[in-house]
Amino acid sequence: MADDIKALTTKIVAAYLSSSTLAATEIPTLIKSVYSTLAATDNPASAPAEQQQPAVSVKRSVTPDYIVCLECGDRQKMLKRHLTTGHGLTADEYRAKWALPRDYPLVAPEYAARRSEFAKAVGLGYSRTNRKPKSAT
């Protein structure tokens, strides 16, 4: 394993020096820095990472009015943007992290129903030529 690290160190330093100018006195420092970095990545930390516990149970995280974020416990109507901006997770990463099913909702059910009704009321989903005529009032 040490031979692999030495070989990688040689390649990295050679590649760096081929495109950069460096004083001869600074080359040993560069070699030590690259070698120690590679050696540190070869020996991961001995303490295993603790499994994060959800803020609420998965069963209680979905209510008609809101979805509770398992990361922080915040109540949201739509979780996708919160996950991206607040936690740096995509929807798929979030589902994988918490072992959620593929059909786990990221939008509150009542909010989704209201948005669906609104979209149908304004005629979304129909082509202009096949749009249902509005009733005369």
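Is it fair to say Asp103 is acidic (Asp, Glu) and touching a helix residue (DSSP H, G or I) at 6+ places or on another chain (Cβ under 7 Å)?
Numbers: acidic (Asp, Glu): yes; touching a helix residue (DSSP H, G or I) at 6+ places or on another chain (Cβ under 7 Å): no.
The answer is no for Asp103.
Considering only region 83-125, state which residues are touching an Asp or Glu at 6+ places or on another chain (Cβ under 7 Å) and over 16 Å from Val58 (Cα atoms).
His87, Glu110
Provide a single number: the residues in region 1-50 that are closer than 30 Å to Lys97 by Cα, modelled with pLDDT of 85 or more and among the polar types (S, T, N, Q).
Qualifying residue count for the region: 1.
Are any residues in region 88-133 within 27 Å of Ala55 (Cα to Cα) and acidic (Asp, Glu), and if so, which ones? Spell out the reasoning first.
The initial filter retains those residues of region 88-133 that are within 27 Å of Ala55 (Cα to Cα), namely 88-113.
Asp92, Glu93, Asp103, Glu110, listed by residue number.
The values are calculated or read from the model by the stated rules, or taken from the named source; none is laboratory data. These numbers were taken from a predicted model, which means no experiment stands behind them. Note that we place each Cβ from the backbone using ideal geometry, even for glycine, and neighbour counts take in every protein chain shown.
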